[in-house]
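Just below is one structure, and these are the notes that go with it.
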Amino acid sequence: MNKFLDLINYSSPELTQKALLFMRVCVGLFMITEGSLKFMGGPETLKWVGSAMQNFGIYFWPMAWGILAASAEFFGGLGLLLGLSTRLATIFLICVMIVALRMHMKNGDPIAVFGFPLMMLVIFVSFFIMGGGKYSLDYYFNPTSLLK
C-alpha cells in the first residue's frame, strides 16, 4: 500500500515539464483547428466572429476583427504547439477569449455555454505565467529563460 501511495504522489520538475509539453501540444492543436475552421467558414463566418466586438462598442470592420481572431487562434495555437513565443501567443489568445466570454455573458448564456471560453482563458493565463517550459523552442533559443 505504501508503494502505491508513493507512486501516485510522485512528482518531479522533469515530470512537470513533460506535463506542460503535453498540455501545450494538445491545446495548441485544438486552437489551430479552431482558427482553421473559422477561415474555412468563409467571409460570413469571419464577419460573424468579428461582430462580437460590438459588445465592446466597436461596430466597424467586423471582417477585419474576424480575421484577427481567426489568425490569433491559428498562429497562437502554432506558437503553443511549438513553444515558440509562447507568452506572446497567449496574449492574443487571452484577448480572443475575453471577447468570446463577454459576448456569451452579454447574451445571457448559461455557464454551460460560457464555461468553455472561461476555462480556456484560465489555461492561457497559466501558459502566460509558466511560459513554454523546458521542451519548447523558447527554451532552445534561450535556455537561460527558464527559471531554475
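Every read-out reported here was derived from the displayed coordinates using simple, explicitly stated rules and does not represent laboratory data. Not measured: the values here are computed from a predicted model. Don't worry about glycine lacking a Cβ; one is built from the backbone with ideal geometry, like all the others, and counts go over all protein chains shown.
Placing +1 on the Cβ of every Lys and Arg and -1 on the Cβ of every Asp and Glu, with nothing else charged, gives the chain a dipole about its Cα centre of roughly 180 debye. Residue ranges 112-121, 78-87, 95-104 sort as 78-87, 95-104, 112-121 when ordered by packing (mean number of other C-beta atoms within 10 Å per residue, highest first). Mind pulling the angle between the C-alpha long axis of helix 62-82 and the longest principal axis of the chain? Nearest 10 degrees, somewhere in 0 to 90. Relative to the chain, helix 62-82 is tipped by roughly 10 degrees. With viscosity 1.002 mPa s and temperature 20 °C, the Kirkwood radius over alpha carbon pairs of the stretch 13-140 converts through Stokes-Einstein to a diffusion coefficient of 144 µm²/s.
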